[in-house]
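Visitor: Input: one structure, supplied below.
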């Protein structure tokens, strides 16, 4: 499941427990129709509840089966008080399972909420637009072929091709820069950091300023705030200043 807002979580809980008014149900269903992510989240939570209820039903059936076996052996009259307790026990089991499901889901929701740093990353991260790809043949065909993949967001393919080139030119700032950004765009912040750090070691690199920006974002993504601030302070981009202001206002 993907993290959702507290309000959405409360609405889903009310909807599935049938505690919404007709007007609220209509608005809720309309939201599911237009929001695919929200609809999938509701369905996943519903399946979780169904699974818990199925387990509760199984427990009740096993208890009923045991009761029948006892009757066939003992052949005694059923005692109303004991039956009442059995029924109450069955209902308690079902209620307990539902409660457990809600507690587990609440715990999952809290744990999976993005940190403030991750939220800041999401606001400011946009992959570098890439370099212009020449239409004519070039000696750097593999590099530009990978650049096409990169622009099409086929990051893993681009990474594989650039990694091959990097073996022969490990200090190439262009390769290191785009490998770092590709890793970051492919949700591999930790793996992006070494490439970006390699880029900024080249004092003459045209990517140095941008490399500091993406390096700071990579550190934000993995919640290393101090390292992120150090990177942003060495970057002269306006975005870096904005992020620093946000971090200082925490």
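The values are calculated or read from the model by the stated rules, or taken from the named source; none is laboratory data. Owing to the predicted nature of the structure, the values given are computational and were not obtained by experimental measurement. Using ideal geometry, Cβ is built from the backbone for each residue, glycine included, and neighbour counts are taken over all protein chains shown.
Visitor: On the basis of being within 29 Å of the chain's Cα centre (by Cα) and more than 30 Å from residue 115 (Cα to Cα), does residue 163 make the cut? Explain how you work it out, then say what you get.
Guide: Details: within 29 Å of the chain's Cα centre (by Cα): yes; more than 30 Å from residue 115 (Cα to Cα): yes.
Yes, satisfied.
Visitor: Still on this model: State which residue pairs qualify: first residue in the same structural domain as residue 212 (by TED's automatic domain parsing) and inside segment 230-250, second residue surrounded by fewer than 18 Cβ atoms within 10 Å (Cβ to Cβ) and not in a helix (DSSP H, G or I) in any location, beta carbons under 9 Å apart, and separation of 6 or more residues or different chains.
Guide: 240/234
Okay, residues lined up against (1) surrounded by 19 or more Cβ atoms within 10 Å (Cβ to Cβ); (2) modelled with pLDDT of 95 or more:
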{"position": "120", "(1), (2)": "yes, no"}
{"position": "135", "(1), (2)": "no, no"}
{"position": "145", "(1), (2)": "no, no"}
{"position": "156", "(1), (2)": "no, yes"}
{"position": "177", "(1), (2)": "yes, yes"}
{"position": "190", "(1), (2)": "no, yes"}
{"position": "204", "(1), (2)": "no, no"}
{"position": "207", "(1), (2)": "yes, yes"}
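Visitor: Condition first: in contact with a helix residue (DSSP H, G or I) (Cβ under 6 Å, 6 or more places away or on another chain) and in a helix (DSSP H, G or I). Now tell me which residues in segment 17-30 satisfy that.
Guide: Correct list: 28 only.
Visitor: Checking residue 184 against (1) in a helix (DSSP H, G or I); (2) over 15 Å from residue 124 (Cβ atoms); (3) in contact (Cβ under 8 Å) with a residue 40 or more places away in the chain, which test does it fail?
Guide: (2)
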